[in-house]
Amino acid sequence: MAQYGSYTPYAAGIGTVEAVNALFRKVYQYMALGLILTSLTAWITASTPALLRMFYSSLTPLIIVAVAELGLVIYLSATIAKHSASTSLLLFGIYSVLNGITCSAVLLVYTQESVYTAFLSTAGMFGAMSVYGIYTKRDITSWGSFLHMGLWGLIIAMVINLFVGSSAAETVISVIGIIVFMGLTAYDTAKIKALAEGAEMSDDETAGKIAVMGALELYLDFINLFLYLLRLFGKRRD
């Protein structure tokens, strides 16, 4: 997951309550835009025979898209300070479209009812944890190292299970994944709030960059939470 350490140079003042609220509105608007682009791209890809042949005739096209996704999110996270807010938002939009192509597999594997149920469940859980991250009086910054260790553990366990193919292990991985990304949702939200409160929010360009990066973080939390819920409770097509 991308970190906000690169934004330290922006911490030049104290954001007002109004400015912080305005920033969060932008964050959630950009995140919603990303989710809409991903959903539309996934639906179009899964329902268009020509696109299905293009991306699913072999593993190579999807591997290329997945590598492009990974490269783009790393590039955006590492270089956002060098780009304008509009360029950063464009890159986020491109990433959302690429992710929609890979997520189209979800619509091919799981029933429509399962996808809708998982999405609504994700929205509710994400909303609750994000609200907690905004309003909690507790210092949850200490969660960061634990959650990111859990994230790396998940990645390693998933790679191992690709070779083992244990259904029991897949269930455990999904449960842990849900817990980790619920925690990351609260943690990332609190981190955005802390950053906004310490930044000079009168600078629209800086606020725009922070909003894009915050939207990307929460977008990734939402998508991963959705996928783990679907793996755990989703019903596969016959």
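Screening the range 151-197 for residues that are assigned to a helix (DSSP H, G or I), over 24 Å from Y219 (Cβ atoms) and among the hydroxyl-bearing types (S, T, Y) and picking the one that is farthest from the chain's Cα centre (by Cα) gives S167.
Please enumerate the residues belonging to the range 1-42 that are among the small types (G, A, S) and either in contact with a helix residue (DSSP H, G or I) (Cβ under 8 Å, 6 or more places away or on another chain) or modelled with pLDDT under 75 (or both). Step through it out loud before you land on a result.
Of the residues in the range 1-42, the ones among the small types (G, A, S) are 2, 5-6, 11-13, 15, 19, 22, 32, 34, 39, 42.
Scanning the range 1-42 gives A2, G5, S6, A11, A12, G13, G15, A19, A22, G34, S39, A42.
Against the conditions (1) within 26 Å of Q112 (Cα to Cα); (2) surrounded by fewer than 16 Cβ atoms within 10 Å (Cβ to Cβ), E18 satisfies every one except (1).
For the range 93-108, the set of residues classified as crowded, with 23+ Cβ neighbours inside 10 Å and β-branched (V, I, T) consists of I101 only.
Residues that are surrounded by 16 or more Cβ atoms within 10 Å (Cβ to Cβ) and not aliphatic (A, V, I, L, M) within the range 37-56 comprise T38, S39, T41, T45, F55, listed in sequence order.
Go through the residues of the range 69-92 one by one and say whether even a single one is loosely packed, with under 15 Cβ neighbours inside 10 Å, touching a Ser or Thr at 6+ places or on another chain (Cβ under 8 Å) and modelled with pLDDT under 95. So far as the range 69-92 goes, yes, one or more of its residues are loosely packed, with under 15 Cβ neighbours inside 10 Å, touching a Ser or Thr at 6+ places or on another chain (Cβ under 8 Å) and modelled with pLDDT under 95. When we screen V164, V172, V212 for residues that are under 30 Å from A22 (Cβ atoms), among the β-branched types (V, I, T) and modelled with pLDDT under 95, the only hit is V212.
Would you mind stating whether S145 is part of a loop (DSSP other than H, G, I, E, B), at pLDDT below 85 and among the polar types (S, T, N, Q)? Criteria not met by S145. Is it the case that some residue within the range 212-223 is in contact (Cβ under 8 Å) with a residue 12 or more places away in the chain, surrounded by fewer than 22 Cβ atoms within 10 Å (Cβ to Cβ) and within 15 Å of the chain's Cα centre (by Cα)? Among the residues of the range 212-223, at least one is in contact (Cβ under 8 Å) with a residue 12 or more places away in the chain, surrounded by fewer than 22 Cβ atoms within 10 Å (Cβ to Cβ) and within 15 Å of the chain's Cα centre (by Cα), which makes the answer yes. Among helices (runs of 4 or more DSSP H) entirely within the range 37-118, having at least 2 residues that are closer than 30 Å to T206 by Cβ singles out 59-79, 85-109. The residue list T111, T122, T136, T117 contains one member that is surrounded by 12 or more Cβ atoms within 10 Å (Cβ to Cβ), more than 27 Å from A42 (Cα to Cα) and hydroxyl-bearing (S, T, Y), which is T136.
Scanning the range 101-141 for residues that are of a type in the set (D, E, K, R) and free of Cβ contacts under 8 Å to residues at least 40 places away in the same chain turns up K137, R138, D139.
The values are calculated or read from the model by the stated rules, or taken from the named source; none is laboratory data. Not measured: the values here are computed from a predicted model. Here Cβ is always computed from backbone atoms with ideal geometry, including for glycine, and neighbour counts include all displayed protein chains.
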